[in-house]
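Note sheet for the following structure.
The values are calculated or read from the model by the stated rules, or taken from the named source; none is laboratory data. Predicted model only: the values in this text are computed from it and were never measured. Cβ coordinates were reconstructed from backbone atoms using ideal geometry, including for glycine residues, and neighbour counts include every protein chain displayed.
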Amino acid sequence: MKVQQKNTPCQLCMSRKFSLFSDVSEPHLCQLSDNKNLITHKKGQILFYEGTKPLGVFCISDGIVKVYKTASNGKEQIIRLAKAGDFLGYASLLGEEAYSNSATIVEDANICFVPRESFLKVLAEDNAFHQRVTKALCKDLGVMESKLTDATQKSIRERLAFTLLKLSETYGIDGNEGEKINIVLTREEIAGIVGTATETVIRLLSEFKKDELIDFEGKKIIVIDKKGLARLSDFYG
């Protein structure tokens, strides 16, 4: 069940400093605050469906959303895991196209919905914001190109090691014996990120544990040897 909350002014939003709205002028922030809706979404709820038309953009205040495409065989290919401060849907809105993917709540989330007219008005009037959005679109394109390259040139083992590194970088919290990835993803969802079968991910995670690269704490993964994963993923950035 989606629950509309009392709007938090954009000026007071803790996640704004991570978002495209970080440097928007005070008058435009007030305008956005007056027109947005803050809605609480529960885990498992659909935010939007592939093929539907965007009516605005979504800005995540807190929580995690998976963005994915569904293949003809019904399997999900996860494009990204969006977190606090991330925008969703703006590329489709600006391109005047239907959503090219779907989005589902992974962890309970508070998400602001900014109507199309309000978003486009600020985009037209605030040059700095326009430049930030343009850079974000270019970055998204670069990420997609890198993923396509990895899918054709890297092995599944390398892609899984890289995925664990990136998850650790984004959602990791330090523990006694390593860095815990503080997000619960099913083995099927990890397979959807890597682009392989669930059974393959289960087998490789078991091998990584045997090699003392990772460990498990319930359903969460603990990264023990980041350097080892980096070598395995052929990633030195």
Answer yes or no as to whether LYS147 is outside the structural domain of ILE183 (by TED's automatic domain parsing), among the charged types (D, E, K, R) and closer than 20 Å to LYS69 by Cβ. yes
Go over the candidates GLN45, GLN77 one by one and state the one that is modelled with pLDDT of 95 or more, surrounded by fewer than 18 Cβ atoms within 10 Å (Cβ to Cβ) and not basic (Lys, Arg). GLN45
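Listed here are the residues, each with its yes/no results for (1) closer than 22 Å to GLU26 by Cβ; (2) in contact with a Cys (Cβ under 7 Å, 6 or more places away or on another chain).
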position: ILE60; (1), (2): no, no
position: GLN77; (1), (2): no, no
position: PHE87; (1), (2): yes, yes
position: GLY95; (1), (2): no, no
position: THR104; (1), (2): no, no
position: GLU125; (1), (2): yes, no
With respect to LEU167, is the statement that it is in the same structural domain as ILE78 (by TED's automatic domain parsing) and either in a helix (DSSP H, G or I) or within 14 Å of GLN77 (Cβ to Cβ) (or both) true? no
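Table: residues versus (1) without any contact (Cβ under 8 Å) to a residue 24 or more places away in the chain; (2) surrounded by 14 or more Cβ atoms within 10 Å (Cβ to Cβ); (3) not in a helix (DSSP H, G or I).
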| site | (1), (2), (3) |
| --- | --- |
| ARG157 | no, yes, no |
| ALA161 | no, yes, no |
| ILE183 | no, yes, yes |
| ILE190 | no, yes, no |
| THR200 | no, yes, no |
| LEU205 | no, yes, no |
| PHE216 | yes, no, yes |
| ILE222 | no, yes, yes |
Pull up the stretch 90-134, narrow it to residues that are without any contact (Cβ under 8 Å) to a residue 60 or more places away in the chain and of a type in the set (Gly, Ala, Ser), then point me to the one that is surrounded by the most Cβ atoms within 10 Å (Cβ to Cβ). ALA103
Note on the stretch 224-237: residues outside any helix (DSSP H, G or I) and closer than 18 Å to ASN182 by Cα are ILE224, ASP225
